[in-house]
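Some notes on the structure that comes next.
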Amino acid sequence: MDQEKVNILLVDDQPAKLLAYEVILKDLGENLVIASSGREALEVLLKTEIAVILVDVCMPELDGFELAAMIREHPRFQKTAMIFISAIQVSDIDRLRGYEMGAVDYVPVPVVPEVLRAKIKVFAELYRKTRELERLNHELEDRVRARTAELEASTAKLRESEQRRSMAIAAGKMGSWDWDWISGDWMWDEGQYRIFGVSPDDFEVTPASVQALLHPDDVDQLRKAIAEFNKGTRAYETEFRILRPDGEVRWCVGTAAATTDESGRVVRVSGVTVDITERKRAEERQNLLAREVDHRAKNALALAQSIVRLTRADEVKAYVNAVEGRINALARVHTILSLSSWQGAELSRLIDEELAPYSLGDQIKLAGPEVQLLPATAQTLALALHELFTNSAKYGALSTRSGRLAIDWQVDEELLTLSWEESGGPLVKTPKSRGFGTRSLLASIESQLGGQARFDWRAEGLLCRLEVPLTRKTATAAPGKFDTAGSAELQRASG
């Protein structure tokens with residue numbers, strides 16, 4: 001007798017991919033239903049019984065996550081198997097989100113035909129068996145009223161088994177167990193052995209052996225559960241850790257329910273164990289990320305506050321331009337660091353970003369190796385370079401077409417030395433007072449990074465040397481003709 005075909009819904013906004021899925025799955029002999037959008041898929045679901053939904057995560061208007069959430073809200077589709085297909089790198093957080101929305105599996109692109117067919121076949125068979133079981137249950141319920149209590153108990157066990165199966169589909173990594181309270185016998189399914197990292201071939205399930213696999217700090221949870229059932233509690237749930245034989249620690253949540261006899265005495269305890277390690281790790285990463293974002297936001301706000309508070313100008317427009325320029329420099333380096341996941345930034349990239357607003361042609365020459373800067377060093381140097389470029393563009397070599405600027409840098413024993421040499425610009429005089437640019441440059445280079453900022457006020461153009469340790473150690477600069485007593489009085493510092 002031919003088995004009844006089931007309907008498999010394929011959802012993707014790209015016809016070529018839908019055609020590819022049809023070709024891959026046609027050998028299964030099932031009914032393939034096509035939907036080119038999330039809304040079309042919802043219309044199909046309301047009219048047709050669907051066994052498995054294969055849905056693309058990235059779709060316009062209504063993506064896979066949103067579609068899954070809408071499907072799960074309908075009572076008819078709370079147990080429908082959904083498999084996500086993603087052509088992008090899926091993070092742990094994305095996977096957790098998918099599972100929370102009801103996905104039972106992920107299939108990456110490019111799709112391996114044999115793997116996709118195997119996954120679809122499993123859930124199609126599961127759907128078929130479920131429907132057969134539901135029909136048998138209906139027939140059995142028509143007769144159960146006339147049967148004995150023993151037959152009623154068998155029916156209850158069958159329903160419990162179905163509930164455990166449904167929970168396993170929804171929750172993912174899960175195991176179930178039964179404990180005969182009278183005889184002390186245990187029954188574990190395959191998932192339970194897998195979670196605890198043991199094999200049914202060489203592991204005997206006893207209270208003592210189970211306790212040995214619990215984290216020492218969580219052993220009391222087992223004792224407490226036994227005591228609660230002895231007091232009459234019928235259900236118990238708790239989180240606990242297990243220590244696998246290979247030393248790996250896993251987080252689990254356990255739920256147990258007691259079965260009693262006519263006198264109310266506990267005769268059996270059944271339960272499920274769900275491995276929530278990935279969720280716990282995701283929560284830890286999320287908390288760490290939140291703290292890191294908070295820390296960086298506070299640092300950025302502190303820098304912005306210093307810029308606003310210390311900037312001086314004779315006119316409002318000049319003040320606004322100075323503040324905006326410094327904050328934009330801070331924003332640019334934050335963008336560079338974000339693109340590297342805050343691992344660091346290339347010095348040449350920082351210089352290029354500061355050069356971008358100017359059309360200087362061949363007025364500037366750059367020379368130096370690739371240097372990777374720590375995030376804190378990159379932020380500080382970005383602001384220092386901004387001050388140098390701004391002042392040079394206003395008053396120095398970059399304020400005239402005849403002016404020239406040479407920037408070169410080198411690294412020797414974790415000490416970065418950057419030289420800034422201007423020529424061909426207006427006549428230079430030694431400054432008499434310090435503006436914000438000077439003060440911020442000194443404070444950032446010398447105080448924050450443990451380096452030195454030294455200036456030579458030559459008539460033909462400013463010569464500046466910045467010495468910055470690439471580690472947190474304080475740099476020791478060699479003596480020279482640079483003015484360290486006046487320590488960087490930028491003659492042309494903006495207000």
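Nothing in this text is a laboratory measurement; each read-out follows from the coordinates by a stated rule. Predicted, not measured: the structure shown is a model, and the values here were computed from it. Heads up, the Cβs are rebuilt from the backbone with ideal geometry, glycines too, and the neighbour counts pull from every protein chain shown.
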9 Å beta-carbon shell around residue 268, net charge (K/R +1, D/E -1): -2
Ranked packing of 71-82, 51-62, most packed first, by mean Cβ within 10 Å: 51-62, 71-82
Peptides 387-394, 175-182 ordered by average Cβ neighbours within 10 Å, highest first: 387-394, 175-182
Least to most buried among 119, 157 (fewest other Cβ within 10 Å first): 157, 119
Cα-projected label distance for residue 248 with residue 5, points at 7 Å along beta-carbon direction, nm: 4.2
Stretchable slack from residue 61 to residue 277, in nm (0.36 nm times residue separation minus alpha-carbon distance): 74.4 nm
Linear extension gain, residue 419 paired with residue 365, 0.36 nm per residue minus alpha-carbon span: 18.3 nm
Compactness of region 7-131, expressed as Rg and Dmax over alpha-carbon positions, Å: 13.2, 36
Residues residue 159 and residue 208, FRET efficiency given R0 of 45 Å [Cβ-Cβ distance, rounded to 0.05]: 0.90
Euclidean distance of C-alpha centroids, region 172-193 and region 1-58, integer Å: 37
Residue pairs, from the table 47/173; 47/280; 79/157; 129/231; 173/224, whose Cα atoms sit over 30 Å apart: 47/173; 47/280; 129/231
Estimated inter-spin distance, residue 237 and residue 328, nm [label 7 Å along Cα→Cβ]: 5.5
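Mind ranking 249-256, 216-223, 201-208 by how tightly packed they are, going by the mean number of other C-beta atoms within 10 angstrom, highest first? Could the numbers behind the result be given before it?
Working: 249-256: 17.9, 216-223: 12.5, 201-208: 10.6.
Ranking, from highest mean packing down: 249-256, 216-223, 201-208.
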In nm, spacing of pseudo-spin labels at residue 346 and residue 76 (7 Å Cα→C-beta vector): 5.7
Principal axis dimensions, region 173-275 - Cα atoms, whole angstrom, descending: 44, 28, 23
